[in-house]
Amino acid sequence: MARMKFICDAERCIECNGCVTACKNEHEVPWGVNRRRLVTVNDGKPGERSISVACMHCNDAPCMAVCPVDCFYKTEEGVVLHDKDLCIGCGYCFYACPFGAPQFPQAGAFGLRGKMDKCTFCAGGPEENSTEAEFKKYGRNRLAEGKLPACAEMCSTKALLAGDGNVIASIYKQRAKTRKKGPEVWGWAMAYKEDANIAAQEVKS
Amino acid sequence: MSRSLMVVAAAAAVMLAACGEIDQTAKTEKVYAGKKDARAADGSQFGGDKKKWEATLAQRSNAQNEYLRTDVKK
Amino acid sequence: MLLTRKPSSAQKTTTAGFVARTNSALGTMDRRAFLRRSGMVAGAGAFASQLPFSMIRKAEAAAAPGTEGKMEIKRTVCTHCSVGCAIDAVVQNGVWVRQEPVFDSPINLGAHCSKGAAIREHGHGEHRLKYPMKLVNGKYTRISWETAINEIGDKLLKIRKESGPDAVYWVGSSKHNNEQAYLMRKFVSLFGTNNCDHQARICHSTTVAGVANTWGYGAMTNSYNDMSNTKCAMYIGSNAAEAHPVSMLHMLNAKEHGARMIVVDPRFTRTAAKADQYIRIRSGTDIPFLFGMLYHIFSNGWEDKKYINDRVYGMEKVKEDILKKWNPKAVEEACGVPEAEVYAAAEAMAKNRPSTIVWCMGQTQHTIGNAMVRASCILQLALGNVGTSGGGTNIFRGHDNVQGATDVGPNPDSLPGYYGLATGSWKHWAKVWNVDYDWIKAQYASQAMMEKPGMTVSRWIDGVLEKNELIDQESNLKACIYWGHAPNSQTRGLEMKTAMEKLDLMVIIDPYPTASAAMPDRQEGVYLLPAATQFECAGSATASNRSIQWREKVIEPLFESKPDHTIMYLLAKKFGFGDQLLGKANGKQNIALKGDEPVVEDILREINAGTWTIGYTGQSPERLKAHMRHMDAFDVKTLRCTTDVVDKETGYNMNGDYFGLPWPCYGNAALKHPGSPNLYDTSKHVMEGGGNFRANFGVEREGVNLLAEDGSHSKGADITTGYPEFDHVLMKKLGWWSELTEAEQKAAEGKNWKTDLSGGIIRVAMKNHGCHPFGNAKARAIVWNFPDGIPQHREPIYSPRPDLVAKYPTHADKNAFWRLPTLYKTVQDKNKDVSKEYPLVLTSGRLVEYEGGGEETRSNPWLAELQQENFVEINPKDAEARGIKNATFVWVTTPTKAKLKVKALVTERVASGTTFIPFHFSGWWQGKDLLDKYPEGAAPIVRGEAVNTATTYGYDSVTMMQETKTTLCQVAAA
């Protein structure tokens, strides 16, 4: 299996926030911490487009590179996770991340959940799969249940796709071909570098 | 101000001071120092059967493609 | 709209914790433990209980081994709009622990908007009303159910005795399921009044009346799914991307396959952001725009002449009127759209057929709403788009069961199934209910009052405030029961508060206290009864496309709440008509009781037994449940099951059925009518869901044939021309009477297809002869029984254009209209120049995160976090002229002198001269937070100013729909 990726199709995203509440609901993320959020350009004007943004689980994840305590690791599927027991909440990863994914609680109370918090691709973290300990620190482990991230599975217009990069690229490609529009995959060049243009070329061909 | 926030503030100062010096696409070999994690397929659901897990996920991926249901040739 | 989205909150989370896994290896918590903890939270101080914690408290410790919970999956349907998105609820030990997408659903394919994806919060409901309460010395105090039913019952019986049954107003709900809505109409009838209504009045009443009077049924003709078959869609007055987000899945699929998309709206909505063409019209000028399109269609000969000849009455006269009045110059003057844009839209709709039109509140909520919707119908009739897949009028309804509650629920002018209130209608239902007609009659003030439509929810306040000699009933209203309805969705908030304070008794029955609990300044005479949500009971709901879906009960009612139908029974028992409500008489009982809860399946069977008019007869509980278990059997584009799929539990084979048996599903369940996916579709046999326009308006008018012309009929019909509706006489004339069984003949003698309780007439006409029981007629482009038979543009009562008021004045005032005097011209004349002081158009609408009055969704932290403050959208030019900066507080004032304190959202989304405020907020009153007026711990997380506190007078001339979409305001920095 190839690595896990996200695609957000800006031609389809209607800024409904379904992905945001799906994430909140599934992981019981507290008020103020947003593992996923929407970014809108040209709000209220022609050309208005929205993108749902979370951790993209980059190939060469900048967060990993800058972490002073080396609490990040990458799973076989390319999912970038971290160990909250090790995290010191320094915020380096936040500055390094081009997507603004790492979240930090404002108040100390969030220590209950560990330090930095971010999208796990619904893959939990370094605790035994599907345990209370894992849920408490990282949220649910849908991947271990054979399910994909809740945000993408519940997306109102199926704009947000998650899963095996090849599979979702082909879904996206079929759509873009049908509508003859939108082969550019937002965020891919930044996150996945080496195969960023492949998807685009496949669409054009 | 809570301690953790002060740490963040301090980190920000360091970052600014070192602006431009950190290669954000660095390929330095970093070694993960945290706890070991189990593979996704190793949970109670799949018991390590990676093939089965992959097949389940593949099927699940296709649920994101409504073309499979709207563009069926009848 | 980033203004109100705070990346993080300053509020601290003091505790957090997470329990109840789906994995059985995890610690579990039973429902009792969960409730106990919730109770503890509720008992904490008012401030602490307002904090948006993570929803589930931490389990104290992992449960002892061996107590691991049973995991169950319950299939339910989202309650936040009419799309009908299926949800699988994961329930452990009675606690709703997770929700999973239902990819199998042909309607939503697993998709959800923010509301649907956050629906599980309903299973926890920290901000719910938790037990019955009573206002004592201005404070809400807990009481028992027994005390509540007794006290409320005694007070209502006293009012009934002293002032008559019409002195009580019952506001029902479009969020009730079909069975509850139906039982509510029956309940109110047994109480002896027609003074009942629900959200449909202020939602799509103008659509239902306008569309039914045009061609037969008041409903969406096609479906969300069918929009994937369209070549061009025009949204006018619909912001589907926020109000019906999952419907966009089908539209965007169609768009990818080449369909064009046009959005016509005063605001550049998120729906407009997805369109190929966006057209900005001035609020309230849909008719000039639509007729401007028709001007080009007729001028270019793009109309479908054969279709019009065969199936439409009155189009010639409409065409004359349009060509005379709506040339491009007049159109641009009225609605502000240049000729080229109107032409482009007309050409797109005409040259990309089948094309469809979508409308919502943008079109319905006007003083001329009934005419606007008919203008939309006329456009579709001219293009021959009605009765075809990919075409139709796709009228998106609002609440999850507003269609069903309209069909069988508490309407002031009709018994279930649009039977009306005539003597014959009462006799029909009395028989179905197994209640003596004369007994019901004796419950009413008189037979005249029994057959006179009641007041509407939009006007109940005038039933309290209006001079007694001017109202068309004995007494003014003395009590009002808000049973699942927000007050802040109705206009004229200032006067509503006064009315609420004048009442002897207010009862609020709802899962949440709603703004009704906090609005009035009262010391006593208010009761709050906690109702269960639709996840705490079972029942059916009708989606906008008329598909009926069955919800399983997910969890037991939370706290002390009870299902609405249980509360109805308890009150009925108190009033002394418990047996009548259950249809218990002469050794027969229609509806069984389980404890105090009437059995929902039995209620549906009673609906099936009586609702022949609109085909709610074939949807037996067994068929509906089978569909829900086999959603994957139904095609996404046609909604049809085309192979043998047999439900194990019932042995039912759903081959040929359309998903959810969209009404009309004629005849009894044994007839196995498959439901009707697209109404009036002559390309299909009537037993395959085909049809034609309804013969409901006579056979001839002024010498012109009203029935369909020769050769125009549903596929395979034995009668190949127009024909009237079937009754025993026609059956006999045609020689088909002998095809009824002896028992059917006995039941059908003297009856028509709507009142024949055997279903024999329907069976023979449809199955044996392929004919439509309601006849085969023409649609009416001219609805001569309405104030403007041919739709006419009339300026809103509060118009920004005095020059156009002179040209397009409103109606004359009316006396005794739905029991109340109703003003048009008087108010418009008085306010002719009001735009000097209030120069900005004020319109309102939805946000994706909230629904309706918003109490439910603003109490859900996952949603509340996303929209924390109410706001007014104002164009940069208007903001600059007033020295208003983005994200600062402003005062919005209207001609009612009400003032609203909201944040300014400076945006080009609205044109200069127009402002917009979402209508989901409540809990502030003219700048003041009402937090301390809610029962402790039950106030919504997010509170804000309700736009309707400041909206003005104005009602539709047919249905009493309120004008919310066009009024005037002034905005100033606060």
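Can you tell me which of C:119, C:107 is farther than 30 Å from residue C:368 by Cα, in contact with a Cys (Cβ under 9 Å, 6 or more places away or on another chain) and in the same structural domain as residue C:74 (by TED's automatic domain parsing)?
C:107
Only one residue in C:147, C:193 is in the same structural domain as residue C:512 (by TED's automatic domain parsing), β-branched (Val, Ile, Thr) and without any contact (Cβ under 8 Å) to a residue 24 or more places away in the chain. Which one? Spell out the reasoning first.
On the way: C:193 fails: without any contact (Cβ under 8 Å) to a residue 24 or more places away in the chain.
On inspection, the qualifying residue turns out to be C:147.
To keep it simple, each residue is scored yes or no on (1) within 14 Å of chain A (Cβ to nearest Cβ); (2) surrounded by fewer than 24 Cβ atoms within 10 Å (Cβ to Cβ); (3) within 19 Å of the chain's Cα centre (by Cα).
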{"position": "C:168", "(1), (2), (3)": "no, no, no"}
{"position": "C:180", "(1), (2), (3)": "no, no, yes"}
{"position": "C:186", "(1), (2), (3)": "no, no, no"}
{"position": "C:195", "(1), (2), (3)": "no, no, yes"}
{"position": "C:210", "(1), (2), (3)": "no, no, yes"}
{"position": "C:230", "(1), (2), (3)": "no, no, no"}
{"position": "C:237", "(1), (2), (3)": "no, no, yes"}
{"position": "C:246", "(1), (2), (3)": "yes, no, yes"}
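Cβ contacts < 7 Å: first residue without any contact (Cβ under 8 Å) to a residue 24 or more places away in the chain, restricted to segment C:862-880; second residue of a type in the set (Asp, Glu) and surrounded by 24 or more Cβ atoms within 10 Å (Cβ to Cβ), any location; separation 6+ or different chain. Result?
That search, which allows pairs on different chains as well, returns nothing.
Could you list, in sequence order, the residues of segment A:125-135 that are in contact with a strand residue (DSSP E or B) (Cβ under 8 Å, 6 or more places away or on another chain) and facing chain B (nearest Cβ under 7 Å)?
Scanning segment A:125-135 gives A:125, A:126, A:129, A:130.
Just checking: which of the strands (runs of 3 or more DSSP E) contained wholly in segment C:817-917 hold 1 or more residues that are more than 14 Å from chain A (Cβ to nearest Cβ) and among the aromatic types (Phe, Trp, Tyr)?
It comes to C:889-893.
Regarding segment C:650-657, can at least one residue be identified that is surrounded by 23 or more Cβ atoms within 10 Å (Cβ to Cβ) and on the phi > 0 side of the Ramachandran plot?
no
Considering C:839, C:809, which residue is outside the structural domain of residue C:283 (by TED's automatic domain parsing) and touching a residue at least 24 places away in the same chain (Cβ under 8 Å)? Full working, then the answer.
On the way: C:809 fails: touching a residue at least 24 places away in the same chain (Cβ under 8 Å).
Answer to the selection: C:839.
Spot the failing condition for residue A:39; the list is (1) assigned to a loop (DSSP other than H, G, I, E, B); (2) among the β-branched types (Val, Ile, Thr); (3) more than 8 Å from chain C (Cβ to nearest Cβ), and only one is missed.
It is condition (1) that residue A:39 fails.
Scan segment A:58-87 for residues that are facing chain B (nearest Cβ under 8 Å) and either in a strand (DSSP E or B) or at positive phi (or both) and report the count.
Qualifying residue count, segment A:58-87: 5.
Is it the case, given these coordinates, that residue C:404 is touching a residue at least 12 places away in the same chain (Cβ under 8 Å), surrounded by 24 or more Cβ atoms within 10 Å (Cβ to Cβ) and under 30 Å from residue C:518 (Cα atoms)?
Answer is yes for this residue.
List the number of the failed condition for residue C:360; all other conditions in (1) closer than 14 Å to residue C:264 by Cα; (2) of a type in the set (A, V, I, L, M, F, W, C); (3) not assigned by TED's automatic domain parsing to the domain that holds residue C:243 hold.
So the condition that residue C:360 fails would be (3).
Considering only segment A:1-13, state which residues are facing another protein chain (nearest Cβ under 7 Å) and either touching a strand residue (DSSP E or B) at 6+ places or on another chain (Cβ under 7 Å) or without any contact (Cβ under 8 Å) to a residue 24 or more places away in the chain (or both).
Across segment A:1-13, the qualifying residue is only A:1.
Identify, please: which residue in segment A:136-166 is in contact (Cβ under 8 Å) with a residue 60 or more places away in the chain, in a helix (DSSP H, G or I) and facing chain B (nearest Cβ under 9 Å) and is, among those, surrounded by the most Cβ atoms within 10 Å (Cβ to Cβ)?
A:153
Do we have residue C:524 as assigned to a helix (DSSP H, G or I), modelled with pLDDT of 95 or more and outside the structural domain of residue C:938 (by TED's automatic domain parsing) here?
no
For segment C:294-384, give me every one of the helices (runs of 4 or more DSSP H) that falls completely inside it and has 1 or more residues that are acidic (Asp, Glu), over 24 Å from residue C:776 (Cβ atoms) and in contact (Cβ under 8 Å) with a residue 60 or more places away in the chain.
Numbers: elements: C:305-311, C:315-325, C:328-335, C:339-351, C:361-364, C:369-382.
Counting at least 1 such residues, we get C:315-325, C:328-335, C:339-351.
Hey, among the residues in segment C:864-876 that are touching an Asp or Glu at 6+ places or on another chain (Cβ under 9 Å) and within 28 Å of residue C:278 (Cβ to Cβ), which one's surrounded by the fewest Cβ atoms within 10 Å (Cβ to Cβ)?
So, considering only residues that are touching an Asp or Glu at 6+ places or on another chain (Cβ under 9 Å) and within 28 Å of residue C:278 (Cβ to Cβ), the one surrounded by the fewest Cβ atoms within 10 Å (Cβ to Cβ) is C:876.
Within segment C:407-423, track down each residue that is surrounded by fewer than 24 Cβ atoms within 10 Å (Cβ to Cβ) and out of contact with any Ser or Thr (no Cβ under 7 Å at 6 or more places or on another chain).
Those that are surrounded by fewer than 24 Cβ atoms within 10 Å (Cβ to Cβ) and out of contact with any Ser or Thr (no Cβ under 7 Å at 6 or more places or on another chain): C:413, C:414, C:422, C:423.
Quick check, is residue C:474 under 26 Å from residue C:132 (Cβ atoms) and either touching a Leu at 6+ places or on another chain (Cβ under 7 Å) or not in a strand (DSSP E or B) (or both)? Even if it seems obvious, please write down each step before you answer.
Details: under 26 Å from residue C:132 (Cβ atoms): no; either touching a Leu at 6+ places or on another chain (Cβ under 7 Å) or not in a strand (DSSP E or B) (or both): yes.
Spelling it out, it is not the case that residue C:474 is under 26 Å from residue C:132 (Cβ atoms) and either touching a Leu at 6+ places or on another chain (Cβ under 7 Å) or not in a strand (DSSP E or B) (or both).
Please enumerate the residues belonging to segment C:759-771 that are crowded, with 19+ Cβ neighbours inside 10 Å and not in a helix (DSSP H, G or I).
Initial filter on segment C:759-771 (crowded, with 19+ Cβ neighbours inside 10 Å): C:759-766, C:770-771.
Matches in segment C:759-771: C:759, C:770, C:771.
Take the residues in segment C:930-953 that are out of contact with any strand residue (DSSP E or B) (no Cβ under 7 Å at 6 or more places or on another chain) and not in a helix (DSSP H, G or I); name whichever of them is nearest to residue C:802 (Cα to Cα).
C:953
In segment C:607-635, how many are in a loop (DSSP other than H, G, I, E, B), on the phi < 0 side of the Ramachandran plot and under 24 Å from the mean Cα position of the chain (by Cα)?
Matching residues across segment C:607-635 total 8.
With respect to residue C:825, is the statement that it is modelled with pLDDT of 95 or more, basic (Lys, Arg) and either more than 30 Å from residue C:166 (Cβ to Cβ) or buried (at least 22 other Cβ atoms within 10 Å of the Cβ) (or both) true?
Against the criterion (modelled with pLDDT of 95 or more, basic (Lys, Arg) and either more than 30 Å from residue C:166 (Cβ to Cβ) or buried (at least 22 other Cβ atoms within 10 Å of the Cβ) (or both)), residue C:825 does not qualify.
Mind telling me which of the residues C:551, C:546, C:605, C:522 ends up being basic (Lys, Arg), surrounded by 24 or more Cβ atoms within 10 Å (Cβ to Cβ) and more than 24 Å from residue C:120 (Cα to Cα)? Spell out the reasoning first.
Details: C:551 fails: more than 24 Å from residue C:120 (Cα to Cα); C:605 fails: surrounded by 24 or more Cβ atoms within 10 Å (Cβ to Cβ); C:522 fails: surrounded by 24 or more Cβ atoms within 10 Å (Cβ to Cβ).
Sole residue among the options that is basic (Lys, Arg), surrounded by 24 or more Cβ atoms within 10 Å (Cβ to Cβ) and more than 24 Å from residue C:120 (Cα to Cα): C:546.
The values are calculated or read from the model by the stated rules, or taken from the named source; none is laboratory data. This one's a predicted model, so the numbers in the text were calculated from it and none came from an experiment. So basically every Cβ, Gly included, is an ideal-geometry build from the backbone, and we count neighbours across all protein chains shown.
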